[in-house]
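See below for the structure under consideration.
Coordinate-derived values only; no laboratory data. Small disclaimer: the values here were computed from a predicted structure and weren't measured. Cβ atoms come from the backbone with ideal geometry, glycine included; neighbour counts cover every protein chain shown.
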Amino acid sequence: MSGPREKDEVSGVETTGHEWDGIRELDNPLPRWWVWLFYACIAFAVVYWVLMPAWPGVHGYTHGILHNSARATVAEDLRALAAQRGAEGAKLKSASLEQIEADPKLQAYALAQGQSIFGDNCATCHGQGGTGGKGYPNLRDDVWLWGGKLEDIQHTITVGVRSGDPDARMSQMPAFGRDGMLPATQIDDLTEYVVALSHRKADAGSVARAAPIFQAQCSACHGPEGKGNQAFGAPNLTDADWLYGSDRTSIHDQIWNGRGGVMPAWGHRFDAATIKALAVYIHVKSGGGQ
């Protein structure tokens, strides 16, 4: 609320007339250093508006008398980078994946470039070291949903997984519980059956009841023995590697909800040489398996 201006009895400073809950505001002047700093900021802003791009317009923007352009700077940096890469970059474009790995100098160049690309674009999901996490594959082992050969890795990077690309890797784990395809009791039995497939102790009665269900519903993708099929991106259920967790709750949840992650199609963003470098980097770091 506002009231009359009066002198404060304690400080001797005149008040502004504003009062909140019995607290009156003193009309102290701003510190001189703050005032000069405020004026300096205004002067700096005016100079900046004159020198640099600043104000938007209907058909463009003010370019400033220095004609500075971040777009032009980035383009120049990219040209300088291409020149710096020089002969090694040209070799990377023309060489096959096998030739890159067979040439120590070219492989070292590909690994350096691949590490940079991986850190900037892939580590968010797969981890800085490529060891993955729940729902994100580990790229440092020799377990591959879609194949671990150089060409397989290159193709997966290029088209992605369930990415919307016309050539994307595609697989679909049915949501047997959520979509009402199987009753809850059968999903409980299938959970025990999958636990038994991975050579762990499971309820014998549940395993026996689930055996025909697995053959009818799951073997088309995972195989009669549950060893998976890379042509379908179907994981091996008999090993110790699990994308969404190996405990009974996680297995039950996967059968019930049918999860499936998405990997971007990097072929729309990277040129062929960059994808080659990334494929070589992942292949070498995984141990060069198949």
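See the values below:
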quantity: Region 208-290: trypsin sites (Lys or Arg not before Pro) in DSSP loop, at most 16 other beta carbons within 10 Å; calculated: 227, 259, 269
quantity: Cut-off of 10 Å, at most 16 other beta carbons, DSSP loop: longest stretch of the chain lacking such GluC sites (Glu not before Pro); calculated: 10-224
quantity: Listed residues 126, 268, 63, most fluctuating in the chain (Gaussian network, C-alpha, under 10 Å); calculated: 63
quantity: Of 47, 195, 58, the one that fluctuates the most in a GNM where the chain has Cα springs shorter than 10 Å; calculated: 58
quantity: Point-charge dipole on Cβ atoms (K/R +1, D/E -1) for region 184-257, about Cα centre, debye to 20; calculated: 120 debye
quantity: Expected-Rg normalisation [2.2 N^0.38 Å, Cα atoms] applied to region 184-257; calculated: 0.99
quantity: Which of 264, 80, 199, positive extreme of dipole for the chain (C-beta unit charges); calculated: 80
quantity: For the chain, size of Cβ-based charge dipole, Lys and Arg +1, Asp and Glu -1, in debye; calculated: 860 debye
quantity: Loop trypsin sites (Lys or Arg not before Pro), region 82-141, which have at most 13 other Cβ atoms in a 10 Å radius of their Cβ (DSSP); calculated: 134
quantity: Interchain or long-range residues, amide H under 5 Å from residue 229's placed H; calculated: 234
quantity: Residue with peak Gaussian network fluctuation, the chain [Cα springs, cutoff 10 Å], from 52, 181, 263; calculated: 52
quantity: Residue-by-residue Karplus 3J(HN,Hα) for region 224-233, coefficients 6.51, -1.76, 1.60, Hz, glycine and proline x; calculated: x, 9, x, 8, x, 7, 5, 5, 9, x
quantity: 24 Å Cα-Cα threshold exceeded, pairs from 91/149; 201/285; 93/285; 227/276; 134/227; calculated: 201/285; 227/276
quantity: Dipole of the chain, positive direction: furthest Cα of 255, 211, 48, with charges on the beta-carbon; calculated: 211
